[in-house]
1. If you check Arg63 against the conditions, is it within 17 Å of Val96 (Cα to Cα) and in contact with a helix residue (DSSP H, G or I) (Cβ under 8 Å, 6 or more places away or on another chain)?
2. Quick check on segment 1-17: of everything there that is of a type in the set (Lys, Arg) and in a strand (DSSP E or B), which residue is surrounded by the most Cβ atoms within 10 Å (Cβ to Cβ)?
3. Among the residues of segment 53-106, write down those that are under 14 Å from Thr8 (Cβ atoms), in contact with a Lys or Arg (Cβ under 8 Å, 6 or more places away or on another chain), part of a loop (DSSP other than H, G, I, E, B) and open to solvent by 40 Å² or more (accessible area, probe 1.4 Å).
4. Applying the selection to segment 30-52, what residues are of a type in the set (A, V, I, L, M, F, W, C) and surrounded by 15 or more Cβ atoms within 10 Å (Cβ to Cβ)?
Amino acid sequence: MQRILSRTRLRAGREDDYEQAHAAIPDALVERLRAAGVANWSIWRDGQDLIHLIEVEDHRAMRRSLADDPVNADWQAVINPLLEADDDYSGNDDGVPLVWTLEGQA
């Protein structure tokens, strides 16, 4: 299981819209995320900065499987206007590089 940290940034003034959209994401999207190997996805917000912790079997494979998924495309159509930069699920994103963990050293 991989733990991937990722960052996105909200457009100014869209904080409430983003939180309302995430009050409960569509069940169909939950199903697609689970099918793509996502065990959990947590999001923290600090002002306009969003921090995502994704626990997933294979992050790159998950992104590839969702890139052309119509359910994910519908969700991105809702979310991307709230963000400063769209996520088109292209490339080989590995999130924020891990530097150190206590459990890794102990």
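1. Numbers: within 17 Å of Val96 (Cα to Cα): yes; in contact with a helix residue (DSSP H, G or I) (Cβ under 8 Å, 6 or more places away or on another chain): no.
No.
2. Here is the first cut: in segment 1-17, the residues of a type in the set (Lys, Arg) are 3, 7, 9, 11, 14.
With in a strand (DSSP E or B) added as a condition, the list becomes 3, 7, 9.
Numbers: Arg3: 14, Arg7: 10, Arg9: 12.
Taking the candidates together, the pick is Arg3.
3. Of everything in segment 53-106, those that are under 14 Å from Thr8 (Cβ atoms), in contact with a Lys or Arg (Cβ under 8 Å, 6 or more places away or on another chain), part of a loop (DSSP other than H, G, I, E, B) and open to solvent by 40 Å² or more (accessible area, probe 1.4 Å) turn out to be Glu84, Ala85, Asp93, Val96.
4. The initial filter retains those residues of segment 30-52 that are of a type in the set (A, V, I, L, M, F, W, C), namely 30, 33, 35-36, 38-39, 41, 43-44, 50-51.
Of everything in segment 30-52, those that are of a type in the set (A, V, I, L, M, F, W, C) and surrounded by 15 or more Cβ atoms within 10 Å (Cβ to Cβ) turn out to be Leu33, Ala36, Val38, Trp41, Leu50.
The values are calculated or read from the model by the stated rules, or taken from the named source; none is laboratory data. If you're wondering where the values come from, they're calculated on a predicted model, not measured in any experiment. Glycine also receives a Cβ, built like all others from the backbone with ideal geometry; neighbour counts cover every protein chain displayed. Heavy atoms of the whole protein, side chains included, go into the accessibility calculation; ligands, DNA and RNA do not. Shrake-Rupley method; radii C 1.70, N 1.55, O 1.52, S 1.80 Å.
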